[in-house]
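Before any comments, here is the structure.
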Amino acid sequence: MIHPTERFGTNFVDYIQRDYVTGLRHAGMLPLVLPLGDPKDAEDYIAGVDGLLLSGGQGVTPILYGEEPLAEVAETDIYRDQFEIALIKAAQKADKPVLGICRGMQVINVALGGNLYQDIYKQAGATEKHNQYPTSWEIPTHHVTTTEDSWLHQILGERFAVNSFHHQGIHEPGNGLKVVAKSDDQVVEGIESNNGRIIGVEFHPEMMRAVHPEFQRIFDYFAKLATEN
């Protein structure tokens, strides 16, 4: 049987923005970019790495958390969603750390049984500018406040400014996940699993780290988790 990612290959370009790779390299890690593949191969992929980073990108397909898509959802990629969900579950099973950034945090939440606001303005009453385009990517545009004793509080403090490129967001946290940071209009900006092995942020530290080097600490923290395997 031909997997959909082979049959419709022109729709699936496997790439990763260089900033993610640079952040991992500066944390002392050797990045490996996984091609979009079949969920049944997830455990084999995870067996060959020390940790899993999930990047930004399209919206997560709402039918995967039991909802019909709103008009505001725009582009989705269910094949990517299903593959990344399988990777997350395989990493959790193998006790390997997971870092999700923007979409990555959202797909973690769905993988662990949570759901999303398909549009934070329509469904969650967001009032801040959470998609700063065309403002340059490295410029922080709104603040977040962290939960005391969380991993984000530990490395970046109680309150700091971040960039923002999203219109979806976490609604109900998935199993074993807790919210550890929010914007002033109460949009979830950071998560952590109960055992601390799964972490995520809604903003983009990979875009800010060159100009605001404190955000490299997110990649450093992830690297530390990976060495604890």
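The values are calculated or read from the model by the stated rules, or taken from the named source; none is laboratory data. The model shown is predicted, which means the values in this text are computed figures rather than measured ones. Note that each Cβ is placed from the backbone with ideal geometry, even for glycine, and that neighbours are counted across all protein chains shown. Ligands, DNA and RNA are excluded from the accessible area calculation, which covers all protein heavy atoms including side chains. Shrake-Rupley method; radii C 1.70, N 1.55, O 1.52, S 1.80 Å.
Residue by residue, here is whether (1) closer than 24 Å to Gln92 by Cβ; (2) at pLDDT 95 or above holds:
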residue	(1), (2)
Asp14	yes, no
Pro31	yes, yes
Ile46	yes, yes
Asp50	yes, yes
Gly57	yes, no
Pro69	no, yes
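Specify which of the listed residues (Arg209, Arg197, Arg217) is open to solvent by 30 Å² or more (accessible area, probe 1.4 Å) and either closer than 26 Å to Gly59 by Cβ or without any contact (Cβ under 8 Å) to a residue 40 or more places away in the chain (or both).
Working: Arg197 fails: open to solvent by 30 Å² or more (accessible area, probe 1.4 Å); Arg217 fails: either closer than 26 Å to Gly59 by Cβ or without any contact (Cβ under 8 Å) to a residue 40 or more places away in the chain (or both).
None of the other options fit; the residue is Arg209.
Just checking, how many residues over the range 61-85 are part of a helix (DSSP H, G or I), of a type in the set (A, V, I, L, M) and open to solvent by 20 Å² or more (accessible area, probe 1.4 Å)? Please lay out each step first, then the result.
Filtering the range 61-85 for residues part of a helix (DSSP H, G or I) gives 62-65, 71-73, 78-85.
Filter again for of a type in the set (A, V, I, L, M), leaving 63-64, 71, 73, 78, 85.
Pick out the ones that are also open to solvent by 20 Å² or more (accessible area, probe 1.4 Å) and you get 63-64, 71, 78, 85.
Result for the range 61-85: 5.
Looking at Glu128, Glu43, which is the one that is outside any helix (DSSP H, G or I) and either surrounded by fewer than 17 Cβ atoms within 10 Å (Cβ to Cβ) or in contact (Cβ under 8 Å) with a residue 12 or more places away in the chain (or both)?
None of the other options fit; the residue is Glu128.
The conditions are (1) more than 27 Å from Leu152 (Cα to Cα); (2) over 16 Å from the mean Cα position of the chain (by Cα); (3) open to solvent by 70 Å² or more (accessible area, probe 1.4 Å); (4) at pLDDT 95 or above, and Phe8 fails exactly one of them. Which is it?
(4)
Looking at the range 179-194, which of its residues are surrounded by fewer than 19 Cβ atoms within 10 Å (Cβ to Cβ) and in contact (Cβ under 8 Å) with a residue 40 or more places away in the chain?
Asp184, Asp185, Gln186
Residues Lys89, Lys40: which one is more than 20 Å from Ile16 (Cβ to Cβ), in contact with a helix residue (DSSP H, G or I) (Cβ under 7 Å, 6 or more places away or on another chain) and among the basic types (Lys, Arg)? Working first, answer last.
Working: Lys40 fails: in contact with a helix residue (DSSP H, G or I) (Cβ under 7 Å, 6 or more places away or on another chain).
Answer to the check: Lys89.
Condition test on Lys182, is it part of a strand (DSSP E or B), modelled with pLDDT of 95 or more, within 28 Å of Tyr133 (Cβ to Cβ) and within 18 Å of the chain's Cα centre (by Cα)? Outline the logic, then answer.
Working: part of a strand (DSSP E or B): yes; modelled with pLDDT of 95 or more: yes; within 28 Å of Tyr133 (Cβ to Cβ): yes; within 18 Å of the chain's Cα centre (by Cα): yes.
Judged against the criteria, Lys182 is a match.
Counting just the residues of the range 86-97 that are of a type outside the set (Gly, Ala, Ser) and in a loop (DSSP other than H, G, I, E, B), which one comes out least open to solvent (accessible area, probe 1.4 Å)? Spell out how you get there, then give the answer.
So in the range 86-97, the residues of a type outside the set (Gly, Ala, Ser) come out as 87-89, 92-93, 95-97.
Going one step further and asking which of them are in a loop (DSSP other than H, G, I, E, B), we end up with 95-97.
On the way: Asp95: 81, Lys96: 36, Pro97: 0 Å².
The selected residue is Pro97.
Which ones in the range 131-156 are open to solvent by less than 60 Å² (accessible area, probe 1.4 Å) and of a type in the set (Ser, Thr, Tyr)?
In the first step, residues of the range 131-156 are kept if they are open to solvent by less than 60 Å² (accessible area, probe 1.4 Å); the result is 132, 135-136, 138, 140, 142, 144-146, 150-153, 155-156.
Result: Thr135, Ser136, Thr145, Thr146, Ser150.
Tell me the residue from Gly100, Gly114 that is within 16 Å of Glu189 (Cβ to Cβ), surrounded by fewer than 22 Cβ atoms within 10 Å (Cβ to Cβ), of a type outside the set (D, E, K, R) and in contact (Cβ under 8 Å) with a residue 40 or more places away in the chain, please.
Working: Gly100 fails: surrounded by fewer than 22 Cβ atoms within 10 Å (Cβ to Cβ).
Result of the check over Gly100, Gly114: Gly114.
Among the residues of the range 157-178, how many are crowded, with 17+ Cβ neighbours inside 10 Å and either free of Cβ contacts under 8 Å to residues at least 60 places away in the same chain or under 22 Å from Lys129 (Cα atoms) (or both)?
11
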